[in-house]
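First the structure, in the form of C-alpha coordinates, and then the observations on it.
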Amino acid sequence: MYSEKVMEHFKNPRNVGEIENADGIGEVGNPRCGDIMKMYLKIEDEVIVDVKFKTFGCGSAIASSSMATEMIKGKTIEEAMSITNKAVAKALDGLPPVKMHCSVLAEQAIKSALLDYSKKNNVHIDGLEDFDLTEDPHEH
Ligand code: FES
(Lines give C-alpha, C1' and ligand atoms only; values in the text may rest on other atoms or scores of the structure.)
Protein backbone atom coordinates (compact mmCIF):
# COMPACT_ATOMS: atom_id res chain seq x y z
CA MET A 1 0.00 0.00 0.00
CA TYR A 2 2.84 2.43 0.84
CA SER A 3 5.89 3.10 -1.30
CA GLU A 4 9.34 2.36 0.08
CA LYS A 5 10.07 6.08 0.17
CA VAL A 6 7.02 6.77 2.30
CA MET A 7 8.06 4.04 4.73
CA GLU A 8 11.63 5.28 4.78
CA HIS A 9 10.67 8.90 5.53
CA PHE A 10 8.16 7.73 8.11
CA LYS A 11 10.80 5.66 9.92
CA ASN A 12 13.63 8.19 9.54
CA PRO A 13 12.01 11.58 9.16
CA ARG A 14 14.39 14.38 8.19
CA ASN A 15 14.52 17.79 9.87
CA VAL A 16 12.43 16.93 12.90
CA GLY A 17 12.40 19.48 15.68
CA GLU A 18 12.09 23.19 16.26
CA ILE A 19 14.13 26.24 15.32
CA GLU A 20 14.73 28.74 18.07
CA ASN A 21 14.00 32.29 16.91
CA ALA A 22 12.54 30.99 13.67
CA ASP A 23 11.71 33.65 11.09
CA GLY A 24 8.45 32.00 10.24
CA ILE A 25 6.32 29.46 12.10
CA GLY A 26 3.35 27.76 10.57
CA GLU A 27 0.79 25.51 12.12
CA VAL A 28 -1.96 23.72 10.31
CA GLY A 29 -4.40 21.05 11.27
CA ASN A 30 -6.80 18.77 9.57
CA PRO A 31 -10.17 19.24 11.25
CA ARG A 32 -11.37 15.76 10.35
CA CYS A 33 -8.54 13.56 11.53
CA GLY A 34 -7.18 16.02 14.10
CA ASP A 35 -3.61 15.73 12.82
CA ILE A 36 -1.40 18.76 13.38
CA MET A 37 1.74 19.92 11.60
CA LYS A 38 4.05 22.66 12.73
CA MET A 39 6.82 24.09 10.54
CA TYR A 40 9.72 26.40 11.41
CA LEU A 41 11.70 28.37 8.84
CA LYS A 42 14.99 30.21 9.06
CA ILE A 43 15.17 32.67 6.17
CA GLU A 44 18.14 34.72 5.04
CA ASP A 45 18.09 36.91 1.92
CA GLU A 46 14.92 35.23 0.61
CA VAL A 47 16.47 31.78 0.99
CA ILE A 48 15.24 29.10 3.36
CA VAL A 49 18.50 28.24 5.05
CA ASP A 50 16.97 25.91 7.62
CA VAL A 51 13.67 24.19 8.21
CA LYS A 52 12.33 21.91 10.92
CA PHE A 53 8.97 20.35 11.57
CA LYS A 54 6.90 18.60 14.16
CA THR A 55 3.98 16.50 13.09
CA PHE A 56 1.48 14.99 15.44
CA GLY A 57 -0.23 12.82 12.95
CA CYS A 58 -0.43 9.81 10.71
CA GLY A 59 2.50 8.17 8.96
CA SER A 60 1.70 9.76 5.61
CA ALA A 61 1.64 13.21 7.21
CA ILE A 62 5.03 12.56 8.82
CA ALA A 63 6.53 11.28 5.56
CA SER A 64 5.01 14.23 3.66
CA SER A 65 6.38 16.81 6.06
CA SER A 66 9.80 15.16 6.05
CA MET A 67 9.88 15.18 2.24
CA ALA A 68 8.52 18.73 2.06
CA THR A 69 11.29 20.05 4.33
CA GLU A 70 13.88 18.36 2.14
CA MET A 71 12.31 19.95 -0.93
CA ILE A 72 12.40 23.52 0.39
CA LYS A 73 15.72 23.52 2.24
CA GLY A 74 18.18 25.83 0.49
CA LYS A 75 15.47 27.06 -1.87
CA THR A 76 14.16 30.58 -2.36
CA ILE A 77 10.80 31.67 -1.02
CA GLU A 78 9.48 31.72 -4.57
CA GLU A 79 10.59 28.14 -5.18
CA ALA A 80 9.06 27.01 -1.89
CA MET A 81 5.79 28.71 -2.84
CA SER A 82 5.59 26.63 -6.00
CA ILE A 83 5.66 23.32 -4.14
CA THR A 84 2.31 21.61 -4.25
CA ASN A 85 1.01 18.68 -2.30
CA LYS A 86 1.03 16.67 -5.53
CA ALA A 87 4.75 17.36 -5.96
CA VAL A 88 5.37 16.17 -2.40
CA ALA A 89 3.33 13.00 -2.99
CA LYS A 90 5.13 12.41 -6.27
CA ALA A 91 8.52 12.78 -4.61
CA LEU A 92 7.39 10.07 -2.21
CA ASP A 93 6.57 7.82 -5.17
CA GLY A 94 2.90 8.35 -4.53
CA LEU A 95 0.43 8.13 -1.69
CA PRO A 96 -2.72 6.02 -1.59
CA PRO A 97 -5.71 8.14 -2.73
CA VAL A 98 -7.26 8.18 0.74
CA LYS A 99 -3.99 9.60 2.06
CA MET A 100 -3.51 12.42 -0.45
CA HIS A 101 -4.97 14.94 2.00
CA CYS A 102 -2.05 14.24 4.35
CA SER A 103 0.30 15.78 1.78
CA VAL A 104 -1.96 18.84 1.59
CA LEU A 105 -1.09 19.45 5.22
CA ALA A 106 2.60 19.71 4.22
CA GLU A 107 1.91 22.25 1.47
CA GLN A 108 -0.25 24.28 3.84
CA ALA A 109 2.35 24.15 6.61
CA ILE A 110 4.96 25.67 4.29
CA LYS A 111 2.58 28.42 3.20
CA SER A 112 1.43 29.09 6.73
CA ALA A 113 5.06 29.51 7.88
CA LEU A 114 5.78 31.82 4.93
CA LEU A 115 2.68 33.84 5.74
CA ASP A 116 3.92 34.25 9.30
CA TYR A 117 7.32 35.35 7.95
CA SER A 118 5.74 37.85 5.56
CA LYS A 119 3.62 39.37 8.34
CA LYS A 120 6.49 39.63 10.80
CA ASN A 121 8.79 41.23 8.25
CA ASN A 122 6.21 43.18 6.36
CA VAL A 123 7.18 41.65 3.03
CA HIS A 124 4.88 40.67 0.24
CA ILE A 125 4.98 37.10 -1.05
CA ASP A 126 3.34 36.45 -4.39
CA GLY A 127 0.67 33.81 -4.24
CA LEU A 128 -0.09 34.11 -0.53
CA GLU A 129 -2.87 36.68 -1.01
CA ASP A 130 -5.50 34.05 -1.50
CA PHE A 131 -4.04 31.42 0.77
CA ASP A 132 -6.84 30.20 2.95
CA LEU A 133 -5.86 28.15 5.97
CA THR A 134 -9.43 27.30 6.69
CA GLU A 135 -9.75 25.40 3.44
CA ASP A 136 -10.60 21.80 4.10
CA PRO A 137 -7.70 19.61 2.91
CA HIS A 138 -10.12 16.83 2.06
CA GLU A 139 -11.59 18.86 -0.75
CA HIS A 140 -8.37 18.68 -2.78
FE1 FES B 1 -4.69 13.05 9.10
FE2 FES B 1 -3.08 11.80 7.47
S3 FES B 1 -4.84 11.00 8.40
S4 FES B 1 -3.06 13.86 8.00
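Just going by the charge dipole of region 30-71, with Lys and Arg at +1 and Asp and Glu at -1 on Cβ, which of 49, 66, 36 is farthest out on the positive end?
36
What order do you get for 95-105, 40-50, 68-78 when each peptide is scored by the mean count of other beta carbon atoms within 10 Å, highest first? Let's see the in-between values first.
Details: 95-105: 20.4, 40-50: 17.0, 68-78: 18.8.
Highest mean packing first, the order is 95-105, 68-78, 40-50.
Against the longest alpha carbon principal axis of the chain, how many degrees, from 0 to 90 and to the nearest 10, is the axis of helix 59-72 turned?
40
Rg and Dmax of region 43-110, using alpha carbons, in Å: what are they?
Cα radius of gyration and Dmax of region 43-110 are 11.6, 38 Å respectively.
Using only Cα atoms, what is the ratio of the radius of gyration of the chain to 2.2 N^0.38 Å? Before the final figure, lay out the partial values.
Details: Rg = 13.7 Å, N = 140, 2.2 N^0.38 = 14.4 Å.
Compactness ratio reported: 0.95.
Assigning unit charges at the beta carbon (Lys, Arg +1; Asp, Glu -1) and nothing else, what dipole magnitude in debye, to the nearest 20, does the chain show about its Cα centre?
Values: 16 positive and 24 negative charges, 118 e Å.
Magnitude of the dipole: close to 560 debye.
Subtracting the Cα-Cα distance from 0.36 nm times the residue separation, let me have the gained length for residue 32 to residue 118 in nm, one decimal.
On the way: separation 86, 0.36 × 86 = 30.96 nm, distance 2.84 nm.
Between residue 32 and residue 118, full extension yields 28.1 nm more.
Ignoring ligands, DNA and RNA, what accessible area per residue does the chain give at 1.4 Å, in Å²? Could you put the intermediate results ahead of the total?
Details: 7280 Å² over 140 residues.
Here the per-residue accessible area is 52 Å².
For every helix of n ≥ 4 consecutive DSSP H residues, a contribution of -39,500 (n - 2.57) applies; sum these over the chain, divide by its total residues, and give [θ] at 222 nm rounded to the nearest 500 deg cm²/dmol. Don't skip to the end; give the middle numbers.
Working: 5 runs with 56 residues, N = 140.
After summing the helix terms and dividing by residue count, I get -12000 deg cm²/dmol.
Take the Cβ-Cβ distance between residue 86 and residue 8 as r, set R0 to 25 Å, and report the resulting FRET efficiency rounded to the nearest 0.05. The partial results should precede the final answer.
Details: r = 20 Å, r/R0 = 0.79.
Taking R0 as 25 Å, the efficiency between residue 86 and residue 8 is 0.80.
Starting from the Cα of residue 45, step 7 Å along the direction of its Cβ; do the same at residue 128; then give the gap between the two resulting points in nm.
The answer from the label model is 2.1 nm.
Under 27 Å Cα-Cα from residue 11, which lysines qualify once same-chain neighbours fewer than 8 residues away are excluded?
List returned: 38, 42, 52, 54, 73, 75, 86, 90, 99, 111.
The values are calculated or read from the model by the stated rules, or taken from the named source; none is laboratory data. The structure presented is a predicted model; accordingly, all values stated were derived computationally and were not measured. Note: ideal-geometry Cβ built from the backbone for every residue, glycine included; neighbour counts use all protein chains shown. Surface areas here come from the heavy atoms of the whole protein model, side chains and all, with no ligands, DNA or RNA. Shrake-Rupley method; radii C 1.70, N 1.55, O 1.52, S 1.80 Å.
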